[in-house]
Amino acid sequence: MASALINVPKKAKRGDVIEIKTLMSHIMETGYRHTAAGQVVPRDIITSFTCRYNGEEIFRADLFPAIAANPFITFFTTATESGKFDFEWIGDNGFSEKASATISVE
Amino acid sequence: MRFFVTIFFTAVLIAAGIAAAGEIPLNERRSGYTFMAPDTQAIQDDDTANPGMLWVLDGESLWKKKAGTANKSCADCHNDASTSMKGVAARYPAFDMTLGRPVNLEQRINLCRARHQEASPLAYESRDLLALTAFVAEQSRKMAITPDTTAELQPFVANGRDFFMKRQGQLNLGCTNCHDDNWDKHLAGSAVTQALPTGYPIYRLERRLRNCITGMRAQNYDYGAPELVELELYLMSRAAGMKIETPAVRP
């Protein structure tokens with residue numbers, strides 16, 4: 001039951017610096033923990049996050065085992081034109097989630 | 001004779017009720033929120049940054065999902081949670097006539113599953129139970145806590161209060177020693193706070209309770225144990241009138 005929370009301003013003036021906030025539901029299991037029986041809990045993390053603004057990649061992050069559960073990634077960009085932000089999270093065990101948000105730029 | 005015994009008993013209960021409300025003066029009560037740093041408060045205030053909302057969203061989809069042999073979803077009986085569940089968390093734990101004892105939200109959800117959905121109970125601390133509880137409690141956001149005043153419930157509130165006051169464990173501490181007497185101080189860098197359960201259950205009140213009991217080096221209780229439900233009842237009575245913040249963030 002993966003779900004994402006995205007916060008992108010609905011409107012912005014051309015040239016404004018806007019903040020984009022994303023929160024993705026994920027356990028981010030490090031792969032370094034053991035069960036009571038001594039077995040390694042297999043790694044299960046998000047490995048990559050990308051954001052595209054009207055198809056053009058504007059932000060990318062690689063994620064590692066030390067990142068807490070439910071990674072909260074926030075970054076800034078300049079509002080250039082109306083359009084769509086596409087977000088993508090890729091991780092272990094075939095994890096792949098997408099989300100999008102629109103913005104109108106005046 | 002029996003009549004007079006009843007009257008006496010009721011009087012004792014009422015007296016206990018009054019005393020219970022007086023632990024921290026009403027005008028000095030503060031939600032755990034006010035003890036947090038502005039950065040942490042900002043996380044709670046922003047629904048797109050508050051991780052608790054992830055559970056609320058999951059709960060919303062579970063609300064509509066059919067389960068059990070009866071193949072019914074929560075919504076099939078309760079319809080729209082934003083109206084049917086509004087204010088429910090503000091008055092829980094509540095008295096269950098069949099069981100003859102108070103049940104908290106988690107137990108109510110599992111009772112519903114057993115009685116109406118004919119489904120297996122969800123495990124305490126499981127993602128699904130946390131999600132449903134958070135979703136139901138979120139419907140009472142910004143509403144004042146109004147503890148159930150059912151007479152049958154009052155002995156259980158009194159039990160919860162006794163638990164709160166009682167010294168226990170290797171450290172010989174009662175909840176009251178920290179949360180009534182020293183709430184304005186710090187314990188190992190963390191604010192002690194006033195034990196007012198306004199923002200739960202997203203971080204699971206009982207997990208908090210069990211943590212505190214472990215901290216006193218006392219014998220712990222299982223999730224959903226009657227003692228913990230009684231304590232939850234008493235804590236809600238302490239917080240009567242304060243606003244529900246669920247899903248809250250606490251450091």
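Some values worked out for this structure:
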| quantity | calculated |
| --- | --- |
| Per principal axis, descending, Cα span of the protein assembly as shown in whole Å | 84, 52, 51 |
| Sequence-distant residues sharing a close amide H with B:ALA94 (under 5 Å, placed H) | B:VAL103 |
| Coil-residue GluC sites (Glu not before Pro) of region B:57-146, DSSP, other Cβ within 10 Å capped at 15 | B:GLU118, B:GLU125 |
| Relative contact order [Cα under 8 Å, 6+ residues apart], region A:1-47, whole percent | 30 |
| Mean Cα-pair separation over length for chain A, i.e. relative contact order, pairs under 8 Å, 6 or more apart, % | 33 |
| Drop in accessible area of at least 40 Å² in the complex versus isolated chain, residues of region A:4-26, 1.4 Å probe | A:LEU5, A:LEU23 |
| Among the listed pairs B:LYS66/B:LYS86; A:LYS84/B:LYS72; B:LYS64/B:LYS142; A:LYS13/B:LYS65; A:LYS11/B:LYS65; A:LYS11/B:LYS72, those beyond 32 Å (Cα-Cα) | A:LYS84/B:LYS72; A:LYS13/B:LYS65; A:LYS11/B:LYS65; A:LYS11/B:LYS72 |
| Base-10 log of normalised Debye intensity for chain B (one unit scatterer per alpha-carbon) at q = 0.07, 0.08 Å⁻¹ | -0.24, -0.32 |
| Per residue, in Å², the accessible surface of region B:107-231 once ligands and nucleic acids are set aside, probe 1.4 Å | 47 |
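The values are calculated or read from the model by the stated rules, or taken from the named source; none is laboratory data. All of these numbers come straight from a predicted model, not from anything done at the bench. Note that we place each Cβ from the backbone using ideal geometry, even for glycine, and neighbour counts take in every protein chain shown. Accessible surface areas use protein heavy atoms only, side chains included; no ligands, DNA or RNA. Shrake-Rupley method; radii C 1.70, N 1.55, O 1.52, S 1.80 Å.
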